[in-house]
1. Using a 10 Å cut-off around each Cβ, can you sort 425, 602, 246 from fewest to most neighbouring Cβ atoms?
2. Sort 561, 319, 488, 67 so the one with the fewest other Cβ atoms within 10 Å of its own Cβ comes first.
3. How compact and how long is segment 59-105, expressed as Rg and Dmax of its alpha-carbon atoms in Å?
4. Using R₀ = 56 Å, calculate the FRET efficiency as 1/(1 + (r/R₀)^6) where r is the Cβ-Cβ separation of residue 248 and residue 31; round to 0.05.
5. Please compute the modelled spin-label separation between residue 275 and residue 532, points set 7 Å along Cα→Cβ, answer in nm with one decimal.
6. Any number yet on Rg/Rh for segment 622-719, C-alpha, Kirkwood?
7. What percent do you get for the relative contact order of the chain when only Cα pairs under 8 Å and 6+ apart count?
8. What FRET efficiency, computed as 1/(1 + (r/R0)^6) with R0 = 45 Å and r the Cβ-Cβ distance, is obtained for residue 428 and residue 356, rounded to the nearest 0.05?
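Any read-out appearing in this document is the output of simple, stated calculations on the displayed coordinates, not a laboratory observation. Source: prediction; values computed, not measured. A quick note on method: Cβ atoms are made from the backbone with ideal geometry, for glycine too, and the neighbour counts reach across all protein chains shown.
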């Protein structure tokens, strides 16, 4: 490919379908692409699996010149180049894995305008030997732009700071006028400001997509002597690839060996292994030769595998940000995935030891505050997704129903009076102290520091003696997680009141708190045996094709695309082309092979007619849009994200559609066993008093389930 322009396509969506096979953009992708095409600097923050790469890959194909992509890891750039080449897109990389002859050949192709994207590490990009080539490339072919991937590495406040990234600001002075796009999956407001400043972005378009990953289920389990047995059971029960993170190399080797002895195809990955062994283990995992990778955090950004079905932290994560990043390696294809933390206090001592090895006291203070945030997350009884999103400054207004605390909620109590005491004490202490000091004042501590500060003279001194320190700590955490209180994050956590705090103090808001209880497991959804059978065959076909080409299976097609094939059964090339993820190149390369496999399967199963593709999306009827997205295989959470609506709104749509018998199957959304129990409660109480029905069923049943079953209940009553 030499050059392309937007004029070659009637719309950006047409270009998206042609090159990548997708029909529509995800949230913020279009805005980012338009900014790049308008030669504007931009900072894009999208969660893992949110489609960051497309934000620079598509503009690179629509503009003259070469786009330079700065990537920190060899494995990551190689994976992306493989995927692009397989899609018929001219991309290449220059790194230390190439010999001199191969590097010169690639440089020649670049200078001849045969390549559209060049991936390089920051060290090579900024080296004196590479600079003349870059200048020549600009003069001879032109530079379309710079894309700085994993841009959080620029900031010392990010979870993976790399000093060499600090030098990338030199691009701005040397190549003035060339637009720069910075991209990262995780960045707090402070990190975003630092990225803009360090890279010297000029009036950038800052696009922050939601950090919410609705397809991920989060849970915390207690860590005890039976933990390995629980882990083994979990690995055996989940069908698909997984990553298990451990804090030490010794633990990685131990868990990997035990899994192997128990019949699980698992491999270790850590910095103590030879480079060739690490690379080979990673390659085998990415290409589905083994199912499980047991790793330290060294196994991180280089993983470009979209179909990871579970991520387990066998040991405690170091920070909430690193946990979000590491757990986010699950479910990048948008399919359901499971994220588990095993929490034990022995791990806290291990992490504290690692913190003590840091040479700078300020770094130690920050790290300890970050560790406390992780412990708060593990011990919390509120929605885990709310805690994660709150860390990044995003507010989730309702429970997620996709974590253990929401699925199995603990009984809540009205703690409004206690909350008023707590917040009043923060105010009396002039918002200058942390949680431990506030609790000491409330409980009437005789500590010398309390007396020296004369806080034993405050009206709030001793008014909380009737509650334990642990109960006050749980309340304090809950206030923070619910957005009713704030805390500084510079290593010296100080509690601060906000507008919501004053609403509680003025009795305008009530506060409910749940006390911790034992943790439970999670139910999983089901699919039809026919669909599962075809999906297994399509995966096997994908693996054979990938092995023949020497590429990871997801480069051929993602699991999401295979699942659509299994659901819609395309038995012609026209029908196959309408599958999301099938572009013109892949249609030509794989279409006939997959259509023949699907046709053969349908013949064996006695399925004679090709499944009807969903009709074009209509914009006039909101229920029809929800129905069509549901029929395309999207979950309620995914539909809510795609439509930018509340999940509760989508549930109401689905309930109405079930009641109208309009294309939605209740069995897909609520298991038959739970339907029977809810039905019995509806018969006993009646269909209109949801609160009373929920009380009768107990906390194990959600309002969403009741609404969905009620839709079918109303339909049955009308028909009878």
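1. Fewest to most other Cβ atoms nearby, the residues stand as 602, 246, 425.
2. 488, 319, 561, 67
3. 11.4, 31
4. 0.85
5. Calculated label separation equals 4.5 nm.
6. Dividing the radius of gyration by the Kirkwood radius yields 0.96.
7. 11 percent
8. With R0 = 45 Å, the Cβ-Cβ based efficiency is 0.85.
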